[in-house]
Amino acid sequence: MINLVKEKNPMPEQDPMVRNKNFEEVATGYTEDMAVNEAMRCLQCRKKPCTTGCPVKVQIPEFIAKVAEGEFEEAYQIISTTSSLPAICGRVCPQENQCEGKCVQGVKGEPVAIGRLKRFVADWHRTHSVDEEVEQSEGNGHKVAVVGSGPAGLACAGDLIAKGYDVTVFESLHKEGGVLAYGIPEFRLPKAIVADEISALEAKGVKFVNNAVIGMSMTVDELFQDGYEAVFVGTGAGLPQFMSIPGENLLGVYSANEYLTRINLMKAYKPEYDTPIQRSKRVAVIGGGNVAMDAARCAKRMGAEEVYIVYRRSMDEIPARKEEIHHAMEEGIQFQILTNPVAIHGTEDARVIGLECVEMELGEPDASGRRRPIEKKNSNFILEVDAVIMAIGTRLNKLILDTTENLNANAKGGIGADEKTGATNHQGIFAGGDAVTGAATVILAMGAGKNAADSIDKYLKSS
Ligand code: FAD
Ligand code: SF4
């Protein structure tokens with residue numbers, strides 16, 4: 001039976017004025033009844049446009065049909081044949097541009113809530129699957145190193161261990177997960193879910209070596225000397241960017257990555273942790289992407305009374321996901337749009353007291369297709385703040401390129417690798433995720449890791 005309702009079943013959420021003071025998850029998830037009801041909105045289209053919109057080609061109508069029948073474990077098994085991290089993707093994927101963007105139900109109403117259903121199924125599996133027998137595949141005797149434990153590295157390691165390789169993941173931080181652990185806040189992606197994924201990989205035999213900065217602790221060439229026959233590089237694009245405006249050296253200026261790492265990875269919001277972080281009253285976050293929304297919403301939860309998103313274009317151009325913007329607004333974040341910072345002012349003892357900005361207006365579209373922001377003459381004003389967080393994008397770290405002989409870069413300055421196979425110009429080295437593409441998405445990084453695992457398998461079988 002098809003449910004003819006045109007809107008998605010709403011997602012239950014914590015009240016905005018309660019959740020902006022805690023780090024618990026904003027969305028609390030569908031109940032079984034809600035999930036079945038939503039699944040019944042699916043038309044089971046024969047051409048599966050939703051699946052064509054999914055970067056890892058999850059069999060969407062098939063898993064939704066199982067949800068509609070109340071066969072949640074079977075739904076999970078269908079999803080997990082193509083997606084390594086469903087509980088994570090169900091929470092953070094930009095579904096509106098992918099599967100849901102192609103859903104036929106979206107033409108005259110709202111698309112089927114594919115992301116929410118995926119999350120429901122993955123969570124149902126996590127809470128109902130007890131003492132699963134862990135399958136350790138028979139080893140094939142070949143050693144592979146994975147550098148970086150973000151979604152690209154984890155997906156690659158997961159597929160390689162299933163194929164029988166002896167896999168070791170080298171991670172520069174003290175904890176695994178990449179952006180999933182240090183960047184995306186607890187209230188959007190509970191860290192217990194990431195930890196479960198890591199434990200599942202460990203149970204299958206993947207080894208993790210943390211605090212190992214490849215390129216410093218040891219080089220990629222030394223990994224080969226140590227007996228690794230192939231190396232996958234999934235080191236992300238986490239190098240912060242600043243604006244090069246006066247005052248960026250003042251106390252109270254953070255890069256979003258540093259601010260988020262202190263809070264998420266190093267738990268500065270928990271009283272029992274002694275991670276230092278400035279408790280600010282008025283915070284300006286510069287940028288309009290998802291990272292800016294995460295930083296602003298964290299600042300609010302850390303006790304700031306006023307938090308501003310300072311963005312130089314208008315709300316029509318702002319790049320963050322609509323859902324994140326909506327949540328940020330509900331939580332009291334103020335949007336200071338058509339505004340560009342020009343200097344940060346400080347006290348005599350070098351602490352931030354204000355952000356000098358100019359007003360902007362929009363001109364003709366630029367190379368990105370978005371209308372170019374132009375400064376209004378003599379429009380300078382000061383936003384009184386005691387902290388400034390830069391969330392204007394990140395760059396690729398060149399460490400691996402600089403320390404590996406004969407490894408080429410691509411035009412963006414990332415590791416030069418075929419985007420389909422992950423193969424680089426250097427024999428035995430494969431790469432994928434943000435380290436190749438620049439900042440992108442979890443699902444694309446995961447897909448790149450899986451593709452590279454296939455290529456490594458073919459390479460090692462043929463060499
Ligand atoms: P990363 O996740 O960056 O992982 C790379 C890992 O490699 C890190 O752990 C790093 O410490 C390690 N590393 C780096 N150099 C070395 C080295 N030399 N030796 C050893 N280890 C090394 N995407 C979405 O789809 N949805 C979202 O909602 C979303 N929100 C985001 C919020 C924030 C705050 C940020 C920063 C990003 C967000 N993204 C989101 C983007 C997404 O997280 C990334 O595209 C994705 O994590 C890239 O995966 P990756 O495995 O390539 O790299
Ligand atoms: Fe169901 Fe939408 Fe996919 Fe059609 S496009 S099968 S309605 S999820």
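Read-outs throughout are calculated quantities, based only on the coordinates presented, and are distinct from any laboratory measurement. Computed from a predicted model, the values in this text were never measured in an experiment. Cβ placement follows ideal geometry from the backbone for every residue including glycine, while neighbour counts extend to all protein chains displayed.
With the Cα gyration tensor of the range 240-394 giving a ≥ b ≥ c as the square roots of its eigenvalues, does the rule (a/c under 1.5 for rounded; else a/b larger than b/c for prolate; else oblate) give rounded, prolate or oblate? Oblate. Of the residues V107, V285, the one with the fewest other Cβ atoms within 10 Å heads the list, and the complete ranking is V107, V285.
Inter-label distance, E405 to K47: 5.4 nm, where each label sits 7 Å from its Cα along the C-beta direction.
Rounded, prolate or oblate: which fits the range 16-128 when a ≥ b ≥ c are the square roots of the eigenvalues of the alpha-carbon gyration tensor, with rounded for a/c under 1.5 and prolate only if a/b beats b/c?
Working: a/c = 1.57, a/b = 1.32, b/c = 1.18.
It is prolate, given that a/c is not under 1.5 and a/b is the larger ratio.
Averaging the sequence gap over all C-alpha pairs within less than 8 Å and six or more residues apart, then dividing by the number of residues, gives the range 16-128 a relative contact order of 30 percent.
Could the peptides 307-318, 240-251 be put in order, highest first, of the mean number of other beta-carbon atoms found within 10 Å of their residues? Intermediate results must be reported in sequence, preceding the final value.
Values: 307-318: 20.7, 240-251: 14.2.
Top to bottom by mean Cβ count within 10 Å: 307-318, 240-251.
Assuming a ≥ b ≥ c are the square roots of the Cα gyration tensor eigenvalues, decide whether the range 1-82 counts as rounded (a/c under 1.5), prolate (otherwise, with a/b larger than b/c) or oblate. Don't jump to the answer; show the numbers that get you there.
Numbers: a/c = 2.05, a/b = 1.67, b/c = 1.23.
It is prolate, given that a/c is not under 1.5 and a/b is the larger ratio.
Length available on full extension from R351 to N249: 0.36 nm per residue minus the Cα-Cα distance, which gives 35.8 nm. Relative to the current alpha-carbon distance between V213 and M315, full extension at 0.36 nm per residue lengthens the span by 32.8 nm.
Of all beta bridges DSSP finds with both residues in the chain, what is the antiparallel percent, to the nearest 5? Please report the intermediate quantities before stating the final value.
Values: 21 of 53 bridges.
Of the beta bridges lying entirely in the chain, close to 40 percent run antiparallel.
With neighbours defined as other Cβ atoms within 10 Å of a residue's Cβ, the residues V194, V67 order from fewest to most as V194, V67.
Could you work out the Rg to Rh ratio of the chain, with Rh taken as the Kirkwood radius (inverse of the mean 1/r over all Cα pairs)? Spell out each step's value before the answer.
Values: Rg = 22.9 Å, Rh = 23.5 Å.
Ratio of gyration radius to Kirkwood radius: 0.98.
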